[in-house]
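The values are calculated or read from the model by the stated rules, or taken from the named source; none is laboratory data. Treat the numbers as computed from the prediction; the structure is a model and nothing was measured. FYI the Cβ positions are ideal-geometry reconstructions off the backbone, even for glycines, and counts take in every protein chain you see.
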Amino acid sequence: MRVCVIGTGYVGLVTGACLAHIGHDVICVDNNEEKVKLMKSGQSPIFEPGLSEIMQSAIQAEKIHFTSDLAAGVAHGEVLFIAVGTPPLPTGESDTRYVEAVARGIGENLNGGYKVIVNKSTVPIGSGDWVRMLVLDGVAERQKTLVPAGGVPSNEKLPEFAAEFDVISNPEFLREGSAVYDTFNPDRIVLGGNSQRAVALMRKLYAPIVERKYAEDQSLPPVPILATDLSSAEMIKYAANAFLATKISFINEVANICDRVGADVSQVARGIGLDSRIGNKFLQAGIGWGGSCFPKDVSALIHTADDYGYEAQLLKAAVSVNERQRLIALEKLQKVLKILKGKTVGLLGLTFKPDTDDLRDAPALNLIEQLNRLGAKVKAFDPIVSQTGLRHGLSGVLVETDAERLADGCDALVLVTEWQQFSTLDYVKMAKLMTHPVIIDGRNFLDPEVMIRAGFQYVGVGR
Ligand code: NAD
């Protein structure tokens, strides 16, 4: 099938590359010329395991093309994905201006023939109908340009201009760090909309993925497709993220109580996670959730509830527990080092989770800001940020090129991101290089006994 993906970030580029990999003809559109240039040369502007490989093979097979020309993308696609960002506004609402621009742009460039416009961006509930309206506005704008100078003679009609399309909400559930894997191995595919024709086309598009042709375990039953109305599909995305964020806030609350009563939250999490009603995922206590999705999506849902006169108390509590939790490493540092002014603190990891280069709303950024405010010097080592030089926008922190340079002269380390390679660092050597060998394990990732044997004073979260 002919596909156009508009917006080539973590969601759009992965979607485009994966759809090209399974045989569709894809054009990816982005209005960032630099990115387009990079992608045309076969390079991915983001770090995501496996992405460069499938991108390059799709380029070689001529299954994927990159452009900044929206008109060309719209002309090509029978399925048009909107995958632009919806970042948070200071009020907590979603900033939908990029979706708006794209929807109007699609309308202005519709060239006849039936199209399915697929909203993959996470958008406030009700956006499906709004996108439809904006596309029609775009169509009307375009139609105005078709009126000849001097107007249409009264005995003639405006030139016919076909704009046959449906809007589908197809929320994305991929996780940064395993986005390609998640696209080929989804738990479910949600298709919201009331057009049978559009849903049928989407089923055809996703058939190879549904049939597990590219899955790690091809013997699994087909991927469930959930066909819903537009609003329910949009709500599913928000509810899923709000639930996961709340689950983490819950275990962090339990961890803080564990800290006080002397229980070990790792054992508690295992004990409750074995209950199949609870499940063991998203029960890792630590320094709180961040990233480009959870904070903005929970805030947006709270805001939507507010708009309808409902106070989302549980979600507000999940946010406030998280805000406090993001400062827990600071509290622990103060407990051990007392005065932070003039001390040097080293951060192991900067990104909001491992296997990504994404720094958006990462807990490390809060920590850097607060440590600077209290007069501490901050250094950091992150396997991706340190090597790719993605220091853009980072201030108040010296980015080191390896963990030993980081440890050198530090009064304490804080493990911020659970990168797998942090489990095998030479901690004996690192402890010797430090002024005070203290480690705050912000993700309960390291083995306390191993760290103590390496010479560290070990402090976890709730253990
Ligand atoms: P991103 O910021 O990484 O990428 C957005 C891209 O859209 C950028 O490359 C930008 O240049 C491009 N863009 C903006 N305006 C454009 C326009 N008018 N025309 C063409 N391109 C334009 O965003 P992302 O992280 O991929 O997220 C996209 C959406 O998917 C968001 O709504 C997000 O909430 C949702 N989502 C993200 C994730 C995730 O893990 N990142 C997961 C699920 C859903």
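In the set GLY12, GLY92, GLY77, only one residue is in contact with a Lys or Arg (Cβ under 6 Å, 6 or more places away or on another chain), within 15 Å of the ligand (Cβ to nearest atom) and not aliphatic (A, V, I, L, M); that residue is GLY77. ALA242 meets the conditions (1) under 29 Å from PRO354 (Cβ atoms); (2) in a strand (DSSP E or B); (3) not acidic (Asp, Glu) in every case but one. The failed one is (2). The range 1-77 holds helices (runs of 4 or more DSSP H) entirely within its bounds, and those carrying 3 or more residues that are closer than 28 Å to ILE384 by Cα map to 10-21, 33-40, 51-60. Taking the range 401-463 as the region of interest, none of the helices (runs of 4 or more DSSP H) fully inside it holds 2 or more residues being among the acidic types (Asp, Glu) and under 20 Å from LEU371 (Cβ atoms). Could you check the range 291-306 and list, in sequence order, the residues that are charged (D, E, K, R) and more than 12 Å from the ligand (Cβ to nearest atom)? The one that is charged (D, E, K, R) and more than 12 Å from the ligand (Cβ to nearest atom): ASP306.
Residues in the range 384-392: is at least one at pLDDT below 95 and crowded, with 22+ Cβ neighbours inside 10 Å? Scanning the range 384-392 turns up at least one residue that is at pLDDT below 95 and crowded, with 22+ Cβ neighbours inside 10 Å. Looking only at residues of the range 357-394 that are part of a loop (DSSP other than H, G, I, E, B) and free of Cβ contacts under 8 Å to residues at least 12 places away in the same chain, we find that the one that is nearest to the ligand (Cβ to nearest atom) is HIS392. The set of residues in the range 255-289 being over 18 Å from GLN325 (Cα atoms) and among the hydroxyl-bearing types (Ser, Thr, Tyr) consists of SER276 alone. When SER231 is tested against (1) more than 14 Å from the ligand (Cβ to nearest atom); (2) buried (at least 17 other Cβ atoms within 10 Å of the Cβ); (3) touching a residue at least 60 places away in the same chain (Cβ under 8 Å), just one condition goes unmet, and that condition is (2). Among the residues of the range 101-123, the ones that are surrounded by fewer than 18 Cβ atoms within 10 Å (Cβ to Cβ) and more than 9 Å from the ligand (Cβ to nearest atom) come to 4 in all. Mind checking whether some residue in the range 323-344 is within 19 Å of the chain's Cα centre (by Cα) and buried (at least 20 other Cβ atoms within 10 Å of the Cβ)? Checked the range 323-344: at least one residue is within 19 Å of the chain's Cα centre (by Cα) and buried (at least 20 other Cβ atoms within 10 Å of the Cβ). Restricting attention to the range 298-319, the residues being under 18 Å from the mean Cα position of the chain (by Cα), surrounded by fewer than 23 Cβ atoms within 10 Å (Cβ to Cβ) and more than 23 Å from ALA269 (Cα to Cα) number 1. Exactly one residue among ALA149, ALA179, ALA198, ALA163 is of a type in the set (A, V, I, L, M) and loosely packed, with under 14 Cβ neighbours inside 10 Å, and that residue is ALA149.
When residues in the range 284-323 are screened for being in a loop (DSSP other than H, G, I, E, B), farther than 23 Å from ASP358 by Cβ and not acidic (Asp, Glu), 4 of them pass. Checking ALA163, ALA200 one by one, the residue that is small (Gly, Ala, Ser) and either outside the structural domain of GLU108 (by TED's automatic domain parsing) or modelled with pLDDT under 95 (or both) is ALA163 and no other. Please work out which residue is nearest to the ligand (Cβ to nearest atom), limiting yourself to the range 172-201 and to residues that are within 15 Å of the chain's Cα centre (by Cα) and assigned to a helix (DSSP H, G or I). Step by step, filter the range 172-201, then rank; the result is ALA179.
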